[in-house]
Amino acid sequence: CGIGLTSKYLSEDFHANTPVFQSFLNYILLFLVYTTTLAVRQGEENLLAILKRRWWKYMILGIIDIEANYLVVKAYQYTTLTSVQLLDCFVIPVVILLSWFFLLVRYKAVHFIGIVVCILGMGCMAGADVLVGRQQGAGENKLIGDLLVLGGATLYGISNVCEEYIVRNLSRVEFLGMIGLFGSFFSGIQLAIMEHKELLKVPWDWQIGLLYVGFSACMFGLYSFMPVVIKKTSATAVNLSLLTADLYSLFCGLFLFHYKFSGLYLLSFFTILVGLVLYSSTSTYVAQDPRVYKQFRNPSGPVVDLPATGQLEPSVTYTSLGQETEEEPHVRVA
């Protein structure tokens, strides 16, 4: 909600259209806090050791995260607010499919019911926007804007699932440190190419500076706490919860920007909450099949158990794939 409010003030009141610069400030904060933390660590969790093993993977993930933020913000210039709100929900099926195939998360009927209820609540809010006339945005290039939202939502889904994979199997600090490193580098290049003229047009004063500080603080908080919530729940649950962000911004807008009120807004809010309760009422589980599920190991240590959401299906995992000194290999039953 804070991210949305500060962005609205910057773009509409001060005509500062700088989405790349705003993201760049967030990546710089992540770099200063988490990348430097990795730099002073010792052993296998040191920054250089991580870069030697997985630098190209984090580079790709950083670019995906940057462009996901940019595409959705850019879409507001071409399509309506209602279209962005509805099409941004596309991130949910993307996260579900990627979690099913790559994280082997298995859902139950109540999870799909909760997801459908949440999306219905979002549709109810979009309908209320139409009724009260809050269809902001140009309509001439609406198709371009809609495609930008779908592209951004797809990239968000990929980023969130990769984030869940990393924070469950590696560490939260490693993910944020690598995102801060590559995000600040590539967003800095994109800023120099695409927005250097826009920055010169910004009428700098203390109010604009305070808005940029507020936006960066909210963004940094979102990036810092999201891995914690993803590790305790899942990427799907987090994205369902984020549907309420537009509603919180709307409630603030009723007082700050004098939006027209509709009872459908309250109905949509409680519908989304009911969907979240339904989704969270039952745990998902991981199909831990030894034939398809790769297990992380320490290079010089014992087998690392993978955390899972809910109960695991019975499986047999071998502790070694090499030649054993005994007649039969050790077997651990999970």
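The table that follows gives values for the structure above.
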quantity: Every residue from segment 200-223 that is of a type in the set (Phe, Trp, Tyr) and either in contact with a Cys (Cβ under 6 Å, 6 or more places away or on another chain) or without any contact (Cβ under 8 Å) to a residue 60 or more places away in the chain (or both); calculated: Trp204, Trp206
quantity: Of all residues making up segment 4-58, the number that are open to solvent by 60 Å² or more (accessible area, probe 1.4 Å), among the basic types (Lys, Arg) and within 22 Å of the chain's Cα centre (by Cα); calculated: 1
quantity: Members of segment 169-210 found to be more than 21 Å from the chain's Cα centre (by Cα) and either within 27 Å of Ile60 (Cβ to Cβ) or surrounded by 16 or more Cβ atoms within 10 Å (Cβ to Cβ) (or both), listed by number; calculated: Ile189, Leu191, Ala192, Ile193, Met194, Glu195, His196, Glu198, Val202, Ile208
quantity: Residue within segment 79-86 that is assigned to a helix (DSSP H, G or I), open to solvent by 50 Å² or more (accessible area, probe 1.4 Å), in contact with a helix residue (DSSP H, G or I) (Cβ under 9 Å, 6 or more places away or on another chain) and at pLDDT 90 or above present; calculated: no
quantity: Failed condition for Pro227, given (1) more than 22 Å from Gly177 (Cα to Cα); (2) under 13 Å from the mean Cα position of the chain (by Cα); calculated: (1)
quantity: Test: Leu273 is modelled with pLDDT of 85 or more and open to solvent by 50 Å² or more (accessible area, probe 1.4 Å); calculated: yes
quantity: Subset of segment 242-273 [of a type in the set (A, V, I, L, M) and within 22 Å of the chain's Cα centre (by Cα)]; calculated: Leu242, Leu243, Ala245, Leu247, Leu250, Ile272, Leu273
quantity: Top-ranked residue of segment 211-253 - restricted to ones that are open to solvent by less than 20 Å² (accessible area, probe 1.4 Å) and among the β-branched types (Val, Ile, Thr), ranked as farthest from Glu164 (Cα to Cα); calculated: Thr244
quantity: Asp146, sole failed condition from (1) open to solvent by less than 60 Å² (accessible area, probe 1.4 Å); (2) of a type outside the set (Gly, Ala, Ser); (3) modelled with pLDDT of 85 or more; calculated: (3)
quantity: Selection from segment 44-86 of residues that are touching a Leu at 6+ places or on another chain (Cβ under 6 Å) and aliphatic (A, V, I, L, M); calculated: Leu47, Ile64, Ala68, Leu71, Ala75
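The values are calculated or read from the model by the stated rules, or taken from the named source; none is laboratory data. Bear in mind the structure is a predicted one, so any value in this text is a computation, not a measurement. Virtual Cβ from ideal backbone geometry, glycine too; neighbours counted across all protein chains shown. For accessibility, only protein heavy atoms count, side chains too; no ligands or nucleic acids. Shrake-Rupley method; radii C 1.70, N 1.55, O 1.52, S 1.80 Å.
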